[in-house]
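The values are calculated or read from the model by the stated rules, or taken from the named source; none is laboratory data. Quick caveat, the model's predicted, so the values are computed rather than measured. Cβ sites come from the backbone with ideal geometry, for glycine too, and all protein chains shown count toward neighbours.
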Amino acid sequence: MTPEFWHNKWQSNKIGFNQQQPNSLLIKHLPDLKLSANDQVFVPLCGKSIDMVWLASQQLNVVGVELVEHAVIEFFEEHDLTASVQPHPTQPNLKQYYAQHNDITIRIWVGDIFELSATDMGPVAAVYDRAALVALPDSAPEHLRQRYVEHVIELTNNAPQLLLNFGLNPPAMDAETLLSRQQGGPPFVVSEQDLHRYYQAHYQLQFLGQDDYAPTDRLINQAWLLLPHG
């Protein structure tokens, strides 16, 4: 999966992954992270998610990263936020958009997440992963999903995570479609077994619940809480 893939998605407005309302599982389960006012939450591969504005409304600072600059510009424009732009001091392919929202800061890095460092992030109290893990394949030779998991842990010093994933609803699919959803994407379906494989060395994983779904729904929105060991 190349950067051009995501640039083309935004240019052609094929952004069904972008929600118009704050995510219901975020609203329900944010308290499980036990955050305090002015803590900073990291939203990886954030797009122009409205969830960032909702997090700011909860008196939380937000830092995101997004590959497609067009999405970041639209985010600030759509929410009437006047953003300043700052280039990265050493990485020419990175720049930062930032604005104040009711005395809370929303920052979004534009560029490749793998070029960011923990210094760029600043202290992170929690990670909110709504659509990042499921956006990445884990096929050879890149193993992007595994690299992403390890890099986010490094960027955030093993901060707790609220992770939204997709579960499968097999009764709504024939065998061919079921196999396609497990192997094709994005979004990719990441099994519970794979979640434990990615995260169990660093976190205790707790299944929090899932959205209501109809019998014909093929994918089920699910929430997981990842708490560091010890």
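Before we move on, is S49 modelled with pLDDT of 95 or more, in contact with a strand residue (DSSP E or B) (Cβ under 8 Å, 6 or more places away or on another chain) and within 16 Å of Q20 (Cβ to Cβ)? In short, yes. Checking each residue in the stretch 150-162 for being surrounded by fewer than 20 Cβ atoms within 10 Å (Cβ to Cβ) and part of a helix (DSSP H, G or I) picks out E150, H151, E154. If you go through the stretch 113-136 and keep only what is in a helix (DSSP H, G or I) and in contact (Cβ under 8 Å) with a residue 40 or more places away in the chain, you end up with I113, M121, L133, V134, A135. Figure legend. Inter-residue proximity from the stretch 157-171: first residues modelled with pLDDT of 95 or more, second residues charged (D, E, K, R), beta-carbon distance below 8 Å, spacing 6+ or different chains. Indicated pairs: Q161/D129; L162/D32; L162/D129; L163/D129; L164/D129; L164/R130.
Condition (residue is touching a Gly at 6+ places or on another chain (Cβ under 8 Å), aromatic (F, W, Y) and either farther than 23 Å from L164 by Cα or part of a strand (DSSP E or B) (or both)) applied to the stretch 93-104: is it met by at least one residue? For the stretch 93-104, residues touching a Gly at 6+ places or on another chain (Cβ under 8 Å), aromatic (F, W, Y) and either farther than 23 Å from L164 by Cα or part of a strand (DSSP E or B) (or both): absent.
Within the stretch 77-92, identify whether any single residue is of a type in the set (D, E) and within 23 Å of Q222 (Cα to Cα), and answer yes or no. No, there is no match, as no residue in the stretch 77-92 is of a type in the set (D, E) and within 23 Å of Q222 (Cα to Cα). Only one entry of V85, V110, V72, V68 meets the criterion of being without any contact (Cβ under 8 Å) to a residue 40 or more places away in the chain, farther than 19 Å from P160 by Cβ and surrounded by 19 or more Cβ atoms within 10 Å (Cβ to Cβ), and that entry is V72. Tallying residues that are part of a strand (DSSP E or B), free of Cβ contacts under 8 Å to residues at least 60 places away in the same chain and aliphatic (A, V, I, L, M) within the stretch 17-61 yields 0.
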